[in-house]
1. Over the chain, what is the relative contact order in percent, taking alpha-carbon pairs closer than 8 angstrom and at least six residues apart?
2. What number, rounded to the nearest 500 deg cm²/dmol, is the helix-based mean residue ellipticity at 222 nm of the chain, given -39500 (n - 2.57) per DSSP H run of at least four residues and division by all its residues?
3. Do any of Lys324/Lys369; Lys222/Lys324; Lys41/Lys109 go past 32 Å between their Cα atoms, and which?
4. Would you work out the charge dipole size for the chain about its Cα centre, treating the Cβ of every Lys and Arg as +1 and the Cβ of every Asp and Glu as -1, and quote it to the nearest 20 debye?
5. Using only Cα atoms, find the angle between the long axis of helix 248-267 and the longest principal axis of the chain, and express it within 0 to 90 degrees, rounded to the nearest 10.
6. Which Cα, out of Ile308, Phe357, Phe154, lies furthest along the positive dipole direction of the chain (beta carbon charges, K/R +1, D/E -1)?
7. The chain: longest stretch without exposed GluC sites (Glu not before Pro) (DSSP loop, at most 15 other Cβ within 10 Å), sites themselves excluded?
8. Residue farthest toward the positive end of the dipole of the chain, with Cβ of Lys/Arg at +1 and Asp/Glu at -1: which of Pro336, Ser20, Tyr320?
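Laboratory data are not the source of any read-out in this text; all were calculated from the coordinates shown. Predicted, not measured: the structure shown is a model, and the values here were computed from it. Positions of Cβ are backbone-derived with ideal geometry, glycine not excepted, and every protein chain shown enters the neighbour counts.
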Amino acid sequence: MEEIERLVAKMSISSFEVESMHLVEVTHVINPLNFYVRPMKYRPIIQVMEYVEPKTNTKSFNVQDMVIFNVAYSCGGRKYIRGRVTRISQIESFLACDVFAIDYGFTEKLIPIEYMWECPLQLGHIPPLACDCQLANCYPLDLEGFSSDTIDAFKYYAGNEPVQIKVLSKKPNRVLVELVNSAIESISTLLAMHGYITLGHFCDAVAWNPIVGGKSIYFNFKELSVGETLHVRVQSGDSLNGFNVVEVSDYNKHLEEIGAITFYAKKDFYLSPLHFVPGRLVCVKNDRENIFERAFIKKVTRPYKKAIVQLVDWGRDEEYHIGKMKYMPAQCLKSPVVSLLCKSDESQAWDNGLDRFLTPGFEFNITIKSLGYQFEYPNTVDISPLVIPVNDDDEARALPA
């Protein structure tokens, strides 16, 4: 522990400011739009932490607790790393935890508590050393997302040696970066050259000359079945007679696809006044987030100028100017609409009442009682809180949003 304290005293924490550059190692890859890096300067303290055996064992943990755990326990090894408890599960008479490794970026699931220890204060005060990144100028070839071959290629280019990153912009929980290895070209360019991705360079200043075919285009919708139970989050709504949710796994996938939707929409043409009619599928520009969203025109409020559109992946209505509307690219129709229109008995709201219950982001389970139809009428559902057993008495609690 003395060696760790000495290294911590000498260490400066990188802030990943825009335009800054860092020599890093890639520690975990989900896909090119979601991967973790750690500055190489942290390697000495990581190497010490991995082999310093923890002292304080405990039988009691809470969600969000900082811990030390042995990530190599399953193969009989010893490698100790820091993590934050994200879930506590009871399997028969045993407790196990899911832990997010804050210095690496991955989640280790169902760790028996005998391989977990309290995190010493000296280590608990050190910020997470891994940073969540998104590769700039990199988009999947279509909305089906990145293939396993593409992800493997990215791991090959980014994971075999230390790489240089340049921070281009910062999002709330992720930084947009350019990534360069020992090759002359950036990793985005290398992936594009070998046919794995589409480069994200684009220009809106194209001649306005759209060719609109006569073929009808439609949204796809998620298939549901009566009796099915889904873990969902609230998207929109102010009444349990009609509210919109999204399955959490679909929501996470949609967040990854927003960049691709924006990329394809920016390359398409602005909507012609001749096609400014109810029912038209469009992509609309969200200036706050600098992204495009999938939508359809519900009602024209000012002829040839403004209309109410429904943002189909959020389930809410907003007014947009025609100057913010693009034709719907075919690539943006491959993924189903993620929001689900639902209704339920208002007596099922719990905790702090309906206002909190319908807060966007609030999570719970729904069980389908009867099926609705697309945007026309809602699915009837039963609602139940997310339950996690936390001790031998099977005490349960609802997860917050």
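1. Dividing the mean separation by the residue count of the chain yields 14 percent.
2. That comes out to -4500 deg cm²/dmol.
3. Lys324/Lys369
4. Taking the Cα centre of the chain as origin, the dipole is about 1480 debye.
5. Approximately 60 degrees, to the nearest ten.
6. Checking the options against the dipole of the chain, the answer is Ile308.
7. 290-375
8. Looking along the dipole axis, the top candidate is Tyr320.
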